[in-house]
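Asks: Before we start, here is the structure in question, set down as structure tokens.
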Amino acid sequence: MIELLMPLSIIFEFLTAFANTCFHTGVIPGELKVTKMIPITKIAEPKSLNDYRPISISAKLMLLLKKLYYNRIQLYLEEKNVLSKYQFGFRKHLNTEMAMIALTDFLEKNLDQKLFCIVISLDFRKAFDTVPKELLLEKLKNQYNISVQWLRDYLTSREQYVDYDGKVSRRQKTVAGVPQGSIHGPILFSLLIDDLPKWAIHSQPGFFADDYTFAFVGHRSNMENLRCEMNTDLINIIRWSEENMLPLNERKTVVLVVSNHHNLEEIKSFSININEVTVYASAGLKCLELILDSELTWKNHITNLVKKWYMRIRAIYSVRSYLRPGWT
């Protein structure tokens, strides 16, 4: 139908010229930088604004520009091998499964040597929403030699409004952050935090976009040395978060002690202090949909999977009468 109004070749020619002009001049039309924000609940019964996750929806032409920019920067990162080896997101042949295999393999190898591990899962408070624009642009240009002309205009003079339950707010200027839910937002955030492993020299880091774990190894006969190494890395991580204006969310930080049964009895009360907040060792840690327990028995993970599949099978069973014969 659209080809009757205008040949596709002309449409493609226009879109190509438009995209090339935007990238060449580094200028994006103002209306394309207006974003609709839709709050998505994180939990079943939200009670505060913190229980919502903002998802950004851009204009169709803006989506095209962001997709082209994402393809270009992704190709550059692959060719130059820019990202840290500890970052498993947005890298060819790497995914969440590889990230979890690397972590569990590291833990099991040390358990086999009669050592124990302490895994710390960190969380930054409203990470995507608080990204400092100028710092991000400076890192992209100086550390990764990435042109920021187009991106600077994209991040400048952006406006957004909220669309929730049929009600629309007035437009507000965006002063910080990268759009959450956009195709290139996570990769920009990954580049911002990519130098964090250099500040944690005593641990085994593991990143996937905005999920971060740091695994420390020790022996029960040398606990003081382990605490010293952990404190050093934590102080450095806190310093990094302050310099990069990404405050840690101490309340969402999780500590998991992984050991055999004999060692576990002695160190199960392990705790750390972050910004004067004491975080005690937890019985389990959920990381990238994998639930780890203190002895790597996988009982909690298997139980969780059984519950999920039970609910799904029950849902299918409830509509079995509507399915064609032979499907049940």
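Asks: Please compute the net charge surrounding residue 95, taking Lys and Arg as +1 and Asp and Glu as -1 over other residues with Cβ under 13 Å from its Cβ. Present the calculation step by step, with values, prior to reporting the outcome.
Replies: Details: positive: 91, 92; negative: 97, 211, 289.
Overall, the nearby charge balance is -1.
Asks: List the residues, sorted by chain then number, that are 5 or more residues from residue 94 or on another chain and whose placed amide H is less than 5 Å from its amide H.
Replies: none
Asks: Ok, one more. Taking θ as phi - 60°, what are the ³J(HN,Hα) couplings along region 151-156 by the Karplus curve (6.51, -1.76, 1.60), each to the nearest whole Hz, with x for Gly and Pro?
Replies: With coefficients 6.51, -1.76 and 1.60, one gets 5, 4, 5, 5, 7, 9 Hz.
Asks: Expressed as cubic angstrom per residue, what is the convex hull volume of the alpha carbon set of region 34-113?
Replies: Working: hull volume 13.9 nm³, N = 80.
Convex hull of Cα atoms, per residue: 174 Å³.
Asks: Can you give the Kirkwood hydrodynamic radius for region 208-328, in Å, rounded to one decimal and based on Cα pairs?
Replies: 17.7
Asks: Okay, helix-only estimate at 222 nm for the chain: each DSSP H run of n ≥ 4 adds -39500 (n - 2.57), divide by all residues, round to 500 deg cm²/dmol; what do you get?
Replies: Values: 10 runs with 134 residues, N = 328.
Counting only the DSSP helices, I get -13000 deg cm²/dmol.
Asks: May I pose another question? Which of 295, 229, 13 ends up with the largest GNM mean-square fluctuation for the chain, with Cα atoms connected below 10 Å?
Replies: In the Gaussian network model the winner is 13.
Asks: Can you work out ³J(HN,Hα) from phi for every residue in region 294-308, in order, using Karplus 6.51 cos²θ - 1.76 cosθ + 1.60 and θ = phi - 60°, giving whole Hz and x for Gly and Pro?
Replies: For region 294-308, the Karplus curve yields 5, 10, 6, 7, 6, 4, 5, 5, 5, 4, 5, 5, 4, 4, 4 Hz.
Asks: What nm distance separates the two modelled labels at residue 16 and residue 312, each placed 7 Å from Cα along Cα→Cβ?
Replies: Label at residue 16, label at residue 312, 4.3 nm between them.
Asks: By per-residue mean of other Cβ atoms within 10 Å, what is the highest-first order of 210-218, 269-277? Mind dumping the intermediate values first?
Replies: Details: 210-218: 20.7, 269-277: 13.3.
Order by mean packing, descending: 210-218, 269-277.
Asks: Accessible area per residue, 1.4 Å probe, Å², for region 169-216: what's the number? Present the calculation step by step, with values, prior to reporting the outcome.
Replies: Numbers: 1770 Å² over 48 residues.
About 37 Å² of surface per residue is accessible.
Asks: Looking at the calculated P(r) for region 267-328, what percent of the C-alpha pair distances fall above 18 Å?
Replies: On the way: 1121 of 1891 pairs.
Percent of Cα pairs beyond 18 Å in region 267-328: 59.
Asks: Also: Taking a quarter of the surface of the Cα convex hull of region 142-184, what do you get in nm²? Walk me through the numbers on the way to the answer.
Replies: Values: hull surface 16.8 nm².
Projected over every direction and averaged, the Cα hull of region 142-184 covers 4.2 nm².
Asks: Cα convex hull of region 1-143: how many Å³ per residue? Intermediate values should be presented prior to the final figure.
Replies: On the way: hull volume 34.1 nm³, N = 143.
Looking at region 1-143, the number lands at 238 Å³ per residue.
Asks: Taking the chain as a Gaussian network, where each spring joins two C-alpha atoms under 10 Å apart, which residue of 129, 112, 233 fluctuates the most?
Replies: Fluctuation is largest for 112.
Asks: Turning to a different aspect of this structure: So which of 109/139; 36/308; 33/126 end up more than 29 Å apart, counting from Cα to Cα?
Replies: Values: 109/139 36 Å; 36/308 33 Å; 33/126 21 Å.
Check vs 29 Å cut-off fails for 109/139; 36/308.
Asks: I would also like to ask the following. Label points 7 Å out from Cα along the Cβ direction at residue 45 and residue 138: separation in nm?
Replies: Taking the two extended label points, one gets 4.7 nm.
Asks: Now for a different question. Hey, could you pull the Cα Rg and Dmax for the chain, both in Å?
Replies: 23.6, 79
Asks: Pop out the ³J(HN,Hα) list for region 232-249 in order, Karplus 6.51 cos²θ - 1.76 cosθ + 1.60 with θ = phi - 60°, rounded to Hz; leave Gly and Pro as x.
Replies: Rounded to whole hertz, the list is 4, 5, 5, 4, 5, 5, 5, 4, 4, 4, 6, 5, 9, 6, 10, x, 6, 9.
Asks: Taking amide hydrogens as modeled 1.01 Å from N in the peptide plane, which residues meet the under 5 Å criterion relative to residue 182, leaving out close sequence neighbours?
Replies: 56
Asks: Set the Förster radius R0 to 22 Å, insert the Cβ-Cβ distance between residue 299 and residue 276 as r into 1/(1 + (r/R0)^6), and round the FRET efficiency to 0.05. Write out the running numbers ahead of the final one.
Replies: On the way: r = 34 Å, r/R0 = 1.57.
Once rounded, the FRET efficiency stands at 0.05.
Asks: List the residues whose amide H sits under 5 Å from the amide H of residue 124, counting only those 5 or more places along or on another chain, with H placed 1.01 Å from N in the peptide plane.
Replies: For residue 124, the qualifying residues are 249.
Asks: Could you work out the relative contact order of the chain, using alpha carbon pairs under 8 angstrom and six or more residues apart, expressed as a whole percent?
Replies: Details: 435 pairs, mean separation 63.2, N = 328.
After rounding, I find 19 percent.
Asks: If I stretch the segment between residue 322 and residue 9 completely, what's the gain in nm (0.36 nm per residue apart, minus their alpha carbon distance), one decimal? Please list the in-between numbers first.
Replies: Working: separation 313, 0.36 × 313 = 112.68 nm, distance 4.58 nm.
Extra length available between residue 322 and residue 9 comes to 108.1 nm.
The values are calculated or read from the model by the stated rules, or taken from the named source; none is laboratory data. Just so it is clear, the model here is predicted, and its values are computed rather than measured. Don't worry about glycine lacking a Cβ; one is built from the backbone with ideal geometry, like all the others, and counts go over all protein chains shown. Quick note on the areas: whole protein, heavy atoms, side chains included, nothing else; ligands and nucleic acids left out. Shrake-Rupley method; radii C 1.70, N 1.55, O 1.52, S 1.80 Å.
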